[in-house]
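Values quoted throughout were computed directly from the atomic coordinates according to the rules given, and no laboratory measurement underlies them. Source: prediction; values computed, not measured.
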Amino acid sequence: MRRITLYSLSTCGVCKKVRKFLEEHQIEHLDIEVDTLDSGEQWLATKELTKRNPKASYPTLVIEDMVLGFDQDQLAEKLLGMNR
């Protein structure tokens, strides 16, 4: 199974849409809500995020080495076939 990581913020509406999409389609993922981490963990998560997405924008969805934002059609294309 592919490793999927969602970098998100707890207050981000678009992040909530991505999370809901993943949950509705039962796609296993690691959800890192950066703003709920303690300061040291925030620093490490942000450092890892900026390696993959230099803009450090939220949400950022990392599938293996592929980086996506929220485009529902693109998410469906890239992710839905994974669970079949």
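Computed quantities for the displayed model
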item	result
³J(HN,Hα), Karplus 6.51/-1.76/1.60, whole Hz, each residue of region 55-61, x for Gly, Pro	6, 6, 8, 10, x, 10, 10
Segment Glu48-Ser10, length gained on full extension (0.36 nm per residue, minus Cα span)	11.9 nm
DSSP beta bridges in region 4-83 [antiparallel fraction, %, rounded to 5]	65 percent
Phi to ³J(HN,Hα) by Karplus 6.51 cos²θ - 1.76 cosθ + 1.60 over region 43-54, Hz, x for Gly, Pro	4, 5, 5, 5, 4, 5, 4, 5, 5, 8, 9, x
Convex hull volume of region 4-83 per residue (C-alpha atoms, cubic angstrom)	84 Å³
